[in-house]
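Note sheet for the following structure.
The values are calculated or read from the model by the stated rules, or taken from the named source; none is laboratory data. Everything quoted here is computed from the prediction, not taken from an experiment. Heads up, the Cβs are rebuilt from the backbone with ideal geometry, glycines too, and the neighbour counts pull from every protein chain shown. Each accessible area value is taken on the protein alone, full model and side chains, heavy atoms only, with ligands, DNA and RNA left out. Shrake-Rupley method; radii C 1.70, N 1.55, O 1.52, S 1.80 Å.
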Amino acid sequence: MTETFIKTVSASDVVGFAEVSGDRNPIHLSEHFAARTPFKSRIAHGLYTASLISAVLGTRLPGPGAIYLSQSLNFKAPVHIDDEVVVTVEVIELLERGHRARLHCECHVGETLVLDGEAMVKVPSRTARPLGSRPLAT
């Protein structure tokens with residue numbers, strides 16, 4: 001089972017994430033500052049990119065009611081303003097005990113892998129899932 005989510009990173013997304021997280025590093029907020037870095041322009045917060053994985057887990061795979069247990073993250077390349085991020089989450093193991101799923105997670109910008117890792121989630125039981133949603137495991 002695999003799900004994909006696509007999001008174009010906007011300047012307002014990055015500013016909003018800085019506001020919510022408190023991370024006001026100028027590499028994210030100041031074009032003047034970022035121009036003097038190896039990235040040459042503003043980049044999105046790494047955890048903003050990772051939060052797109054959370055969007056998949058909570059809405060698509062496994063979906064509503066899923067509970068994050070752990071997530072490893074490997075940041076491979078920067079994500080810039082206006083980049084289109086393609087997030088892919090794939091089930092690599094279902095664990096009946098504890099209703100858990102191990103997931104491989106990747107984020108790409110074009111052909112470039114910008115982030116990868118593994119997540120472990122608790123999958124909601126059939127009775128805990130909203131009407132109309134499909135179960136991942138019983």
Identify, please: which residue in the range 58-88 is among the charged types (D, E, K, R) and part of a loop (DSSP other than H, G, I, E, B) and is, among those, least open to solvent (accessible area, probe 1.4 Å)? Asp83
If you scan the range 39-57, which residues turn out to be in contact with a Ser or Thr (Cβ under 8 Å, 6 or more places away or on another chain) and outside any helix (DSSP H, G or I)? Arg42, His45
Got a number for residues in the range 29-38 being out of contact with any Lys or Arg (no Cβ under 6 Å at 6 or more places or on another chain) and surrounded by 14 or more Cβ atoms within 10 Å (Cβ to Cβ)? 1
Taking Gly16 as meeting all but one of (1) touching a helix residue (DSSP H, G or I) at 6+ places or on another chain (Cβ under 8 Å); (2) exposed (fewer than 13 other Cβ atoms within 10 Å of the Cβ); (3) part of a helix (DSSP H, G or I), write down the number of the exception. (1)
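Just wondering, is there one or more residues in the range 104-117 that are assigned to a loop (DSSP other than H, G, I, E, B), closer than 30 Å to Ala34 by Cα and either open to solvent by less than 70 Å² (accessible area, probe 1.4 Å) or at pLDDT 90 or above (or both)? If you could, list the steps in order and put the result at the bottom.
Kept after step one, since they are assigned to a loop (DSSP other than H, G, I, E, B), are these residues of the range 104-117: 110-111.
After this cut, where a residue has to be closer than 30 Å to Ala34 by Cα as well, the list is 110-111.
Right, trim to either open to solvent by less than 70 Å² (accessible area, probe 1.4 Å) or at pLDDT 90 or above (or both) and you get 110-111.
Yes - at least one qualifying residue is present in the range 104-117.
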Restricting the range 118-138 to residues that are open to solvent by less than 30 Å² (accessible area, probe 1.4 Å) and in contact with a Gly (Cβ under 7 Å, 6 or more places away or on another chain), the residue that is modelled with the highest pLDDT: Pro124
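Would you be able to say whether some residue in the range 43-58 is more than 28 Å from Val121 (Cα to Cα) and touching a strand residue (DSSP E or B) at 6+ places or on another chain (Cβ under 6 Å)?
So in the range 43-58, the residues more than 28 Å from Val121 (Cα to Cα) come out as 43.
Within this subset, residues satisfying the condition of being touching a strand residue (DSSP E or B) at 6+ places or on another chain (Cβ under 6 Å) are 43.
Yes, there is a match, as at least one residue in the range 43-58 is more than 28 Å from Val121 (Cα to Cα) and touching a strand residue (DSSP E or B) at 6+ places or on another chain (Cβ under 6 Å).
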